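The values are calculated or read from the model by the stated rules, or taken from the named source; none is laboratory data. This is a predicted model, so every value here is computed, not measured. Here the Cβ is made from the backbone with ideal geometry for all residues, glycine too, and neighbour counts use every protein chain on show. Accessible surface is based on the protein model in full, side chains and every heavy atom, while ligands, DNA and RNA are left aside. Shrake-Rupley method; radii C 1.70, N 1.55, O 1.52, S 1.80 Å.
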Amino acid sequence: MVGVIIFGFVLIGGIELYCWPQRPWKEVLAYLLLLGLAAALSVTIYLVPDLPVPEPLAFLAKLIMRLWQGGGK
Amino acid sequence: MKELIPTRQGIALVALFTIGNSFIYGMAPHAGRDLWLSFLLAAVIALPLITIYARLHSLTYGQTLSEALTQLFGKWPSRAVALGYSLFAWRLACLVVGDLTSFVQTTSLTQTPQIVVAAGFIILALWIVKYGTEVLARWSSIMIVIVVGIILGTLVLMWSEVSFEAFLPIMYDGFKPVILGAFQVLDFPLLEPVIFFWVLDALPEKKSSYKVFLIGSLMATSFLMIIATVSLSVLGADKYVSYYFPIFMATARIDVANFLTRMELVVGVTIALSGFLKIAVCVLVASKALAHALGFKDYRFLVTPVALSIVPGSQWFVQTIMGIVESATKIASPSDVFMEVVVPLLLWITAEIRISKQGENKAGKPNSI
């Protein structure tokens, strides 16, 4: 299945790049990098279905909840 | 390249985006029978913030947000802000796709993998976003008539089931549930149009942004409030809170002379239409903001990877129907508050200060940054 996912991304990327009228190297590089990230995310989600979601501001939610409920007492 | 959007189409775009996928859920469940009060309170709180969005757009009139941000904050801070909004829009798109696929799987296509439905929505969104904002705006100006017409027609057919006693007694549990409900409605979906900074590059007049943001948001708020209150009055407060999709269950009760039944299917179609628009707008914003963050002028070449990454993302953020409903009806999350309230306030204050300083330096008062 991992192979199929990667093949799908390679196919889409190949066809789309072929269809571009011009291929400036910066845009091609950014496109390939992002497509690679999308493929990596797909494979990771497939292999690790319970992958934890990053929550950079979760501590704020906990703090507000504690304050709302009476300062955690 | 700036894409000109007529005011009427802009209003339709904001209204349909705000309605989006939100009306399938029991909005403001914390408030129970007082949800109408939560909606009114949320509208009152949202109004100044949405006016700030409009004011900020008006201050940067004649420029794209990318140009305005670069002038306001400089090159690298503006790129950081753009990256933040790109991630925010991407996450929102993932949640909306997750909502729609779960809804479809729960109500009709029970044996179909969610990824198939998600891929369908994403391919269509990718297609329309590549055509640009103008096509999206034209599409929404047509579809809003269909969505609002169908839903209002359905609500009229439900009228015989409506019981206003479901709203009594008023505020029996105090004001706290009303406030919690209002915060939930603010977070999802009333303040989500913040991402329209990135969509509305060019409006016909400087004052158009006020019409677009305020009329669009007020239309959507009224519409959502009517849907929620009618659903609650048909089902009763207890069932409204316990069902995953109250509007769907309420419309299932329509039975006109044993002839006009199964109207919930029509509601399903409208959810697909408005949800699709929301996904498309999120993909557009994620691509545009990312293009600015990476230093590119055109965004269209980024649409495919951004859109494709939303399919696995929709399976990542929430995985069960309970998790999805919990995520949709949660009270404001910190990241949402940061992107919907804190950042726009900072941008607005900075823009006002910059303009007043320019006004002091120049003889004539400038119209924009």
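Scanning the range B:196-229 for residues that are assigned to a helix (DSSP H, G or I) and crowded, with 23+ Cβ neighbours inside 10 Å returns B:Phe196, B:Phe197, B:Ser209, B:Val212, B:Phe213, B:Gly216, B:Ser217, B:Ala220, B:Thr221, B:Leu224, B:Ile227, B:Ala228. Return only the number of the condition from (1) assigned to a loop (DSSP other than H, G, I, E, B); (2) more than 17 Å from A:Met1 (Cα to Cα) that A:Pro49 does not satisfy. Every listed condition holds for A:Pro49 apart from (2). Residue pairs whose Cβ atoms lie under 7 Å apart, sitting 6 or more positions apart in sequence or on different chains, and linking a residue in the range A:30-59 that is facing chain B (nearest Cβ under 8 Å) to a partner that is exposed (fewer than 13 other Cβ atoms within 10 Å of the Cβ) and in a loop (DSSP other than H, G, I, E, B), are A:Tyr46/A:Met1. Taking residues in the range B:78-102 that are of a type in the set (Phe, Trp, Tyr), and partners anywhere that are open to solvent by 10 Å² or more (accessible area, probe 1.4 Å), the pairs with Cβ atoms closer than 6 Å and at least 6 places apart or on different chains are B:Phe88/B:Met339. Condition (residue is at pLDDT 90 or above, open to solvent by 70 Å² or more (accessible area, probe 1.4 Å) and closer than 30 Å to B:Ile5 by Cα) applied to the range B:94-111: is it met by at least one residue? No, there is no match, as no residue in the range B:94-111 is at pLDDT 90 or above, open to solvent by 70 Å² or more (accessible area, probe 1.4 Å) and closer than 30 Å to B:Ile5 by Cα.
Evaluation of B:Ala289 against the conditions (1) surrounded by fewer than 24 Cβ atoms within 10 Å (Cβ to Cβ); (2) at negative phi; (3) touching a helix residue (DSSP H, G or I) at 6+ places or on another chain (Cβ under 6 Å) shows that the sole unmet condition is (1).
Could you tell me whether B:Val234 is open to solvent by 30 Å² or more (accessible area, probe 1.4 Å), touching a residue at least 60 places away in the same chain (Cβ under 8 Å) and hydrophobic (A, V, I, L, M, F, W, C)? So B:Val234 fails the test.
B:Val148 satisfies every condition listed in (1) in contact (Cβ under 8 Å) with a residue 40 or more places away in the chain; (2) outside any helix (DSSP H, G or I) except (2).
Residues B:Leu277, B:Leu284, B:Leu290: which one is facing chain A (nearest Cβ under 9 Å) and aliphatic (A, V, I, L, M)?
On the way: B:Leu277 fails: facing chain A (nearest Cβ under 9 Å); B:Leu284 fails: facing chain A (nearest Cβ under 9 Å).
The match here is B:Leu290.
Residues that are within 17 Å of B:Val311 (Cβ to Cβ) and at the interface with chain B (Cβ under 10 Å from one of its Cβ atoms) were ranked within the range A:1-29; the one that is surrounded by the fewest Cβ atoms within 10 Å (Cβ to Cβ) is A:Gly8. Filtering B:Ala182, B:Ala166 for residues that are in a helix (DSSP H, G or I) and at pLDDT 90 or above leaves a single hit, B:Ala182. Among the numbered conditions (1) under 18 Å from the mean Cα position of the chain (by Cα); (2) closer than 23 Å to B:Val129 by Cβ, the only one that B:Leu40 does not meet is (2).
Give the residues of the range B:312-333 that are aliphatic (A, V, I, L, M) and within 13 Å of B:Ser102 (Cα to Cα), sorted by residue number. Answer for the range B:312-333, where residues must be aliphatic (A, V, I, L, M) and within 13 Å of B:Ser102 (Cα to Cα): B:Val318, B:Ile321, B:Met322, B:Ile324, B:Val325, B:Ala328.
Residues of the range B:108-160 that are of a type in the set (Phe, Trp, Tyr) and touching a strand residue (DSSP E or B) at 6+ places or on another chain (Cβ under 8 Å): none at all. Return yes when B:Glu192 is more than 14 Å from every other protein chain (Cβ to nearest Cβ), surrounded by 24 or more Cβ atoms within 10 Å (Cβ to Cβ) and acidic (Asp, Glu) and no when it is not. It is true that B:Glu192 is more than 14 Å from every other protein chain (Cβ to nearest Cβ), surrounded by 24 or more Cβ atoms within 10 Å (Cβ to Cβ) and acidic (Asp, Glu).
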